[in-house]
Amino acid sequence: MSGVAVGIGILFLGLIMAFFIHADPDRFVEAYTRDNRNKDVSDIEIIRAAYSECIPYVNEGLNTALISWLLLGIWTAFIEFGIATGTVVIKNWSLFWLLIFVSSIGSLLGFILTVIFFLRKKSIRKALFAIQLKKSDKAEISIKI
């Protein structure tokens, strides 16, 4: 059972890395620029479309990273609590410490990726707000942001 919980947590981390690759707005800007090279589309529209396109990936990555961090952390805490109270009996201590180590590292990675996705989401929202202001007549405000 313990190995299954750690395996699921590691699978979540793999999904997070996939979202991390797709959540880069610069890749979307390059792709949109290539696709609209011959069309009469402004740079602001390309940037707005690219940043809007990566928002769902950032949201999914943030949610998955948060779930992974919480599940692995809670699993590790329950196992350690069970050991401390004597309700869990360990037959193979080396495997137990390996699972705890992998779970702890996975939880740490989940936390770090949660912070990274949150900061990326915040910067994308800020950029979209600045683009929206730039399109309106309040360009002075958007330059300060």
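The values are calculated or read from the model by the stated rules, or taken from the named source; none is laboratory data. None of the values given here were measured: they were computed from a predicted structure. Only protein heavy atoms, including side chains, enter the accessible area calculation; ligands, DNA and RNA are left aside. Shrake-Rupley method; radii C 1.70, N 1.55, O 1.52, S 1.80 Å.
Phi angles of region 128-134 translate, via the Karplus equation with coefficients 6.51, -1.76, 1.60 and θ = phi - 60°, into HN-Hα couplings of 5, 5, 5, 5, 5, 5, 5 Hz per residue; Gly and Pro are given as x. Counting only residues at least eight positions apart within a chain, or on another chain, the aspartates and glutamates with an alpha carbon under 16 Å from that of Lys135 are Asp43, Glu45. With θ taken as phi - 60° and the Karplus curve 6.51 cos²θ - 1.76 cosθ + 1.60 applied, the whole-hertz 3J(HN,Hα) list for region 53-60 is 5, 8, 4, x, 5, 5, 4, 5 Hz, x standing for glycine and proline. Ranked from largest to smallest solvent-accessible area, with a 1.4 Å probe on the protein heavy atoms, Tyr51, Tyr57 come out as Tyr57, Tyr51. Annotation: lysines with alpha-carbon distance below 17 angstrom to Lys134 (same-chain offsets under eight excluded): Lys126, Lys144.
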